Amino acid sequence: MSELVLKYNELTAQQFIELWETVWGDGPSLEQTELAMKHTLFRISVWDGDKIVAMARMNGDMGLDYYIKDVVVRPEYQHKGIGRMMINELLKFINDNGVKGTEIFVELCAFPDKIPFYEKFGFEANEAQRLKIFHHVD
């Protein structure tokens, strides 16, 4: 592993799908991923030479709410501090762009085995239940 390089707002749809598939299996379509990248508020990618090894992205309204999404580290690069580095960069973005002196709601969804990782940053579960639907677009 050479020195890792962080890139901001350069993550492409193809790179997103490549990383997605290293952890979650078949990725979304290229067309919908291109649209998602275009409308993502902030994207981070981490590179080891010419190999993309991690990504994270954030959606939000820049005022009241931010949502951390798609934090992915290639399995062979996990447990090396890369996830921590990306979360710190996302929180720095909020701090740099949020309204000074206010509280801003930051949320994410995590699989149970990843919850202890996020708790280290101060995230905590609440009583709300996550509801989802995969709506088919005709």
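The values are calculated or read from the model by the stated rules, or taken from the named source; none is laboratory data. Everything numeric here is computed off the predicted structure, so don't read it as measured data. Here the Cβ positions follow ideal geometry from the backbone for every residue, glycine too, while neighbour counts run over all protein chains shown. SASA here: full protein model, heavy atoms, side chains in, ligands and nucleic acids out. Shrake-Rupley method; radii C 1.70, N 1.55, O 1.52, S 1.80 Å.
In the context of the full set of protein chains, residues of segment 1-119 present 58 Å² of accessible surface per residue (probe radius 1.4 Å, heavy atoms only).
Any idea what the relative contact order of the chain is, in percent, if you count C-alpha pairs under 8 Å spaced at least 6 apart?
Numbers: 172 pairs, mean separation 27.0, N = 138.
In percent, rounded to a whole number, it is 20.
Computed over the chain with a Gaussian network model linking Cα atoms closer than 10 Å, the most mobile of Gly49, Gly27, Gly98 is Gly49. Model label sites at Asp50 and Asn88, defined 7 Å from Cα along the beta-carbon direction, differ in position by 3.0 nm. Each residue of segment 21-76 gets 96 Å³ once the volume of the Cα convex hull is shared out per residue.
Regarding segment 44-105, what is the average projected area of its C-alpha convex hull, in nm²?
Details: hull surface 18.3 nm².
If I average the Cα hull's projected area over directions, I get 4.6 nm².
Protection proxy ranking for 71-79, 122-130, using the average of other Cβ atoms within 10 Å per residue and placing the highest first: 71-79, 122-130. In the context of the full protein assembly, Ile133 retains an accessible surface of approximately 140 Å², using a probe radius of 1.4 Å and ignoring ligands and nucleic acids.
Simple spin-label estimate for Val99 and Glu21 gives 4.4 nm between the two label positions (7 Å along the Cα-to-Cβ direction from each Cα).
Build a GNM of the chain with springs between Cα atoms under 10 Å apart, and of Thr102, Thr22, Thr33 the one that fluctuates most is Thr102. Only lysine pairs 8 or more places apart, or on different chains, with alpha-carbon atoms under 19 angstrom apart are counted in the chain, and they number 15. Legend: translational diffusion of the chain by Stokes-Einstein, Rh = Kirkwood radius over C-alpha pairs, 20 °C, 1.002 mPa s; D = 133 µm²/s.
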